[in-house]
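Every number here is computed from the coordinates shown, using simple stated rules; none is lab data. Values in this document were obtained by computation on a predicted structure and should not be read as measured data. Don't worry about glycine lacking a Cβ; one is built from the backbone with ideal geometry, like all the others, and counts go over all protein chains shown.
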Amino acid sequence: MTTTEHDDIARRLAAVRQRIRDAEAAYDRETGSVELLAVSKRQPVSALRTAIAQGQHAFGENYLQEGAEKREALAGEPIEWHFVGAIQSNKTRAVAEGFDWVHTVDRLKIARRLSEQRPDGLPPLQCCLQVNVSGEASKSGAEPAEVRALAHAIAALPNLRLRGLMTLPEAVTAFDAQRAAFRQLSEQQTGLINDGLALDTLSMGMSNDLEAAVAEGATMVRLGTAVFGPRPEKPS
Ligand SMILES: *Cc1c(COP(=O)(O)O)cnc(C)c1O
């Protein structure tokens, strides 16, 4: 990676952090209450190193093989690894063994396997239940109507710690429509907290809808290209 590429990442990261601070200020959120998850899929290890040097520690990966290679290359760095990709049931072990967090749990079968396969000696796997707030058949995520039962069942699993809800809504440009989708997630979360679940994480908001997500209570926004620039075609 060239000096220019390093500078670009440092500059983008600073701009993204400012954008988050501005959104916090604009929507009466406490300064520092919204965390940046840098989604580093298909970015080279050198790009992550640059972000680490700028104080970024939470990284999101979508692909298991690529995630494993990066963990090995960056062993010893103070990184919190988040899995944000789709999970097939035959892939749960790699998630349970290699990640600190998973944002894409959307059914009980997957949650049970993750809990069973979480190695002894590791802390519980921190997880978010992914919810399909847009109601599109093609998108993954639990249906809103099943969230309550699912959240309680997941919260009872011994080796998972349910931290909250995640969504990846349909991309819309109107700010009010973006807010309406995020509000559904935040209302679901409030209902679960009122039930007695100790949830503190709302994983929602990407580069095109970060402000709407922060306005509706996001605690973790997931940004990739806004931090790293365009993704290379192939993992490197
Ligand atoms: C890739 C991805 C992101 C980041 O997307 P960008 O367009 O690179 O900002 C966020 N969340 C999830 C679940 C992703 O898969």
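Evaluated at q = 0.14, 0.31, 0.34 Å⁻¹, the base-10 log of the normalised Debye intensity for the range 11-54, with identical point scatterers placed on the Cα atoms, takes the values -0.40, -1.11, -1.21.
Which Cα, out of Ala58, Met206, Gly191, lies furthest along the positive dipole direction of the chain (beta carbon charges, K/R +1, D/E -1)? Highest projection toward the positive end goes to Ala58. Expressed in Å, the radius of gyration and Dmax of the Cα atoms of the range 56-169 are 13.7, 42.
Look at Met206, Met1, Met166 and count the other Cβ atoms within 10 Å of each Cβ; fewest to most, that gives Met1, Met206, Met166. Quick check: from the Cα gyration tensor, does the range 1-113 come out rounded (a/c under 1.5), prolate or oblate? Oblate. Helical runs assigned H by DSSP (4 residues or longer) give the chain a calculated mean residue ellipticity at 222 nm of -12500 deg cm²/dmol, each run adding -39500 (n - 2.57) before division by the residue total. The Cα center of the range 1-28 and the Cα center of the range 115-186 differ in position by 27 Å. The alpha-carbon atoms of the chain, seen along their principal axes, cover 51, 43, 32 angstrom, with the largest extent given first.
From least to most packed, judged by other beta carbons within 10 angstrom and beginning with the fewest, Lys70, Lys139 follow the order Lys139, Lys70. Extension gain, Arg148 to Asn194, is 15.4 nm, computed as 0.36 nm per intervening residue step minus the present C-alpha separation. In this calculation the C-beta distance from Ala68 to Asn208 is compared with R0 = 35 Å, giving a FRET efficiency of 0.70.
Here the chain is treated with +1 on each Lys and Arg Cβ and -1 on each Asp and Glu Cβ, and its dipole about the Cα centre works out to around 480 debye. Scaling against 2.2 N^0.38 Å puts the C-alpha radius of gyration of the range 132-176 at 1.39. The count of lysine pairs in the chain with alpha-carbon distances below 20 Å, taking only pairs 8 or more places apart or on different chains, stands at 9.
Between Ala14 and Arg93, full extension at 0.36 nm per residue minus the direct alpha carbon distance yields a gain of 24.9 nm.
With 0.36 nm allotted per residue and the present C-alpha distance subtracted, the Ala86-Lys109 stretch has 6.9 nm of extension available. Distance between the pseudo-spin-label points of Thr31 and Leu122 (7 Å out from Cα toward the beta carbon): 3.7 nm.
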